[in-house]
Amino acid sequence: MLETGTKAPDFKLPDQNGEMHSLSEYRGKKVILYFYPKDNTSGCTKQACGFAERYPQIRDKGAVVLGVSKDSVASHKKFEENYGLPFTLLSDTELSVIKAYDVWKEKKNYGKVTMGVVRTTYLIDEKGVIVKAMDKVKAADNPQEMLEELKK
């Protein structure tokens, strides 16, 4: 996980509509950048819907939400449509941003060791600096925790 106080690595990734986004285009706004394992799974859906529910309040605080997983653009589009997600989902099939943000880790599931995305959320300030970093977040609690951070 990247440390608070460090400059957030810039990136360029396609969203659920195939349009390219870079972190630098969000300068001047706070960014909630969250990494999640997989579209349309129970935990990831809880987290995404939690951010969707709070999105008007998040926007009122001058922030945007960017969700990142290794799922395809098409998978993100279905996820967005299934749950009416009002924010950007970024597709990192090459794992370049996932690895740059140090969220690709060894995971143990029923004794089996695999590599995967560890659910991690970063709050990046208007200048592109990480001001909060949370790893192994609880999917259902994370959106409210991030809203509380924005209120500080």
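Numbers for the structure displayed
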item	result
Residues being touching a residue at least 40 places away in the same chain (Cβ under 8 Å), farther than 23 Å from Gly62 by Cβ and not in a strand (DSSP E or B) - total across the stretch 120-141	2
Residue in the stretch 121-136 that is surrounded by fewer than 19 Cβ atoms within 10 Å (Cβ to Cβ), out of contact with any Ser or Thr (no Cβ under 7 Å at 6 or more places or on another chain) and closer than 16 Å to Pro37 by Cα present	yes
Filtered residues of the stretch 101-119 (kept if touching a residue at least 60 places away in the same chain (Cβ under 8 Å), of a type in the set (Val, Ile, Thr) and either exposed (fewer than 15 other Cβ atoms within 10 Å of the Cβ) or part of a strand (DSSP E or B) (or both))	Val117
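Matching residues to (1) without any contact (Cβ under 8 Å) to a residue 60 or more places away in the chain; (2) under 18 Å from Met20 (Cβ atoms):
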| site | (1), (2) |
| --- | --- |
| Phe51 | no, no |
| Lys61 | no, no |
| Val64 | yes, yes |
| Gly67 | yes, yes |
| Lys70 | yes, yes |
| Lys77 | no, yes |
| Phe87 | yes, yes |
| Leu95 | yes, yes |
| Lys99 | yes, no |
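Bear in mind that the values in this text are calculations on the coordinates, not laboratory data. If you're wondering where the values come from, they're calculated on a predicted model, not measured in any experiment. Cβ coordinates were reconstructed from backbone atoms using ideal geometry, including for glycine residues, and neighbour counts include every protein chain displayed.
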